[in-house]
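*Asks:* Below is the structure I would like to discuss, written out as structure tokens.
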Amino acid sequence: MKKCWIAAGLAAAMVVTSLTGCGSSDGKKAAENATANAAVNVPTEPFGDTVKYDPSQPINDGKDISVEFWEWGSDNLFQELIDGYTAIHPNVSIKLVNNPWDDYWTKLPLSLGGANGPAIFNVHNSQHENLINYMAPYEVSSDDLDADFNGVSAHVIDGKVYYIDYGIMTGSVYYNKDMSEAAGLTDADYPKTWDEMREVAKKLTIKEGNSFVQAGLNFNGTFHQNYLLGLNYQLGQDLFEDDKKTATVNNDAMKEVMQLLVDLYEVDGVGSKDFGAEGADSFGQGQSAMTIQWGHFNNTLKTNFPDINFGVFEIPVFEENPYAYNRYNGESTFGINKNAPADQQAVAQDIVKYFLANNDIQKKFNIAMSTFPAKKSLAEDAEILANPSMAVLADHIDRYIWPGPMPATMETSLKTAGENVFFNGMSIDDALAEAEATIHNDMKNSSFESVESLYKYAE
């Protein structure tokens, strides 16, 4: 099978000094920008791993140029990227346009279809089909990208790359350290398998009569994301058939995963569908001892539930050395608008290359999003590994699968299947059969193709 991962390399050292006049012919403007960006480290030597960035190369022949950069929700982070870039190239003016998440995906395709859309924009792979026809390929070879980043092969279209992942996110177990200590559990008790997980969850469950005081494990609201779309891989079952287009969720592996969920609540009694609307909120409010959430939950806890003393451990498996631990999703690099004027596209291409080569800004983006770096030279970075949501993935990062930017029906249909089993009395067999039929119908006109076969250990 095609390879997806390469061993981590060494981080490139970045030489930084004061600003040099390598961009604008307007001395006054350059001086003003230098003052404004006095706190920004400005490299004067080429930096990067395989993909390198040379700050001495002028942009737009040193002539002033303005571009728009659209993103959602992370103004300060993107502004830091922009400040670093414009400190090198003061002739470039970048207008950052922030949009709320829901509005972004409505406004962006409409804007890209015209002549006045942003030259560069934030991408999320869940919106792949809505965006790809408006995007220009990167002017960086897929081989160079593959040398520096994990998962690049999954993003190659006809030999070209339009975006890649800068960070990798997946599900892990978040546990309440205080509750764990009160139950007499130590680090040695952290479960590795689902059988062990069931026993630990029992020890962390507290009831008064038939009423829950503390759930040992709460997966309400998110079972479709954290269980039904990923644990199948532990049992060697892909989400799509060999044709890469036909979804398969009505299979033995998915039934085994669903049965696990039923048994956790109905046999083991470690939680209840009626105890907390959402597992994440239940954990944050101190009602549940464990929950399985993705990396961004680290930030949610620190922002919304700062008093929770939590730790993180890797998702349990059905047996040792699984085919894969779970699926992952990536935080994407930026898209380039193919309909933008040529000079603006050239600036956008340069910004992308600056981002790809810059370990410092890559690290800041990953830390901000609590995503494990796709850039191989950051895999053993101390600041990265200080974040428990990232560190927990380090040992087995090559044992997670990205199936591709799946159509939304995969999540919505499996969520309905779980709700039918837990709330509507439907059998597991019938619920999964209905989900699969719905997915097939919804995907009749989809161009989606799974990239599961690019997994390093694909059979």
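The values are calculated or read from the model by the stated rules, or taken from the named source; none is laboratory data. This one's a predicted model, so the numbers in the text were calculated from it and none came from an experiment. So basically every Cβ, Gly included, is an ideal-geometry build from the backbone, and we count neighbours across all protein chains shown.
*Asks:* Evaluate the following for Ser447: is it outside the structural domain of Tyr163 (by TED's automatic domain parsing), modelled with pLDDT of 90 or more and not acidic (Asp, Glu)? Spell out the reasoning first.
*Replies:* Values: outside the structural domain of Tyr163 (by TED's automatic domain parsing): yes; modelled with pLDDT of 90 or more: no; not acidic (Asp, Glu): yes.
Considered against the rule, which asks whether it is outside the structural domain of Tyr163 (by TED's automatic domain parsing), modelled with pLDDT of 90 or more and not acidic (Asp, Glu), Ser447 comes out as no.
*Asks:* Sticking with this one: Being over 29 Å from Asn445 (Cα atoms) and either in contact (Cβ under 8 Å) with a residue 60 or more places away in the chain or not in a loop (DSSP other than H, G, I, E, B) (or both) is the filter here, so list the residues in the stretch 422-434 that pass it.
*Replies:* Within the stretch 422-434, Phe422, Phe423 qualify.
*Asks:* Now, a different point. Got a sec? Which of Asn299, Asn304, Asn220 is free of Cβ contacts under 8 Å to residues at least 40 places away in the same chain, of a type in the set (S, T, N, Q) and outside the structural domain of Asn366 (by TED's automatic domain parsing)?
*Replies:* Numbers: Asn299 fails: free of Cβ contacts under 8 Å to residues at least 40 places away in the same chain; Asn220 fails: free of Cβ contacts under 8 Å to residues at least 40 places away in the same chain.
The match here is Asn304.
*Asks:* OK, next. Report those strands (runs of 3 or more DSSP E) wholly inside the stretch 30-138 carrying at least 3 residues which are touching a residue at least 60 places away in the same chain (Cβ under 8 Å) and in the same structural domain as Ala374 (by TED's automatic domain parsing). Reasoning before the result, please.
*Replies:* Details: elements: 65-71, 92-98, 120-122.
Here the list reads 65-71, 120-122.
*Asks:* Could I ask something else about it? Take the conditions in the same structural domain as Thr300 (by TED's automatic domain parsing) and more than 16 Å from Glu139 (Cβ to Cβ) and apply them to Asn321. Does it pass?
*Replies:* Working: in the same structural domain as Thr300 (by TED's automatic domain parsing): yes; more than 16 Å from Glu139 (Cβ to Cβ): yes.
For Asn321, the condition - in the same structural domain as Thr300 (by TED's automatic domain parsing) and more than 16 Å from Glu139 (Cβ to Cβ) - is met.
*Asks:* Tell me, yes or no, whether the stretch 335-342 has at least one residue that is at pLDDT 95 or above and charged (D, E, K, R). Even if it seems obvious, please write down each step before you answer.
*Replies:* Just the residues of the stretch 335-342 that are at pLDDT 95 or above, to begin with: 335-342.
Applying the additional criterion that residues be charged (D, E, K, R) yields 338.
Scanning the stretch 335-342 turns up at least one residue that is at pLDDT 95 or above and charged (D, E, K, R).
*Asks:* Another one. Among (1) β-branched (Val, Ile, Thr); (2) in contact with a strand residue (DSSP E or B) (Cβ under 6 Å, 6 or more places away or on another chain); (3) closer than 26 Å to Val42 by Cβ, where does Ile367 come up short?
*Replies:* Condition (2) is where Ile367 drops out.
*Asks:* Quick one: would you say Lys415 is on the phi < 0 side of the Ramachandran plot, assigned to a helix (DSSP H, G or I) and assigned by TED's automatic domain parsing to the domain that holds Lys177?
*Replies:* Details: on the phi < 0 side of the Ramachandran plot: yes; assigned to a helix (DSSP H, G or I): yes; assigned by TED's automatic domain parsing to the domain that holds Lys177: yes.
Yes.
*Asks:* Sticking with this one: Which numbered condition in (1) on the phi > 0 side of the Ramachandran plot; (2) within 22 Å of the chain's Cα centre (by Cα) is the only one that Gly425 fails?
*Replies:* Tallying (1) on the phi > 0 side of the Ramachandran plot; (2) within 22 Å of the chain's Cα centre (by Cα), Gly425 fails exactly one: (2).
*Asks:* Given the condition out of contact with any helix residue (DSSP H, G or I) (no Cβ under 7 Å at 6 or more places or on another chain) and of a type in the set (Gly, Ala, Ser), answer yes or no: does some residue in the stretch 203-210 qualify? Steps first, please.
*Replies:* Taking the stretch 203-210 and keeping what is out of contact with any helix residue (DSSP H, G or I) (no Cβ under 7 Å at 6 or more places or on another chain), we get 203, 205-210.
Next, only the ones that are of a type in the set (Gly, Ala, Ser) stay: 209.
Yes: the stretch 203-210 contains one or more residues that are out of contact with any helix residue (DSSP H, G or I) (no Cβ under 7 Å at 6 or more places or on another chain) and of a type in the set (Gly, Ala, Ser).
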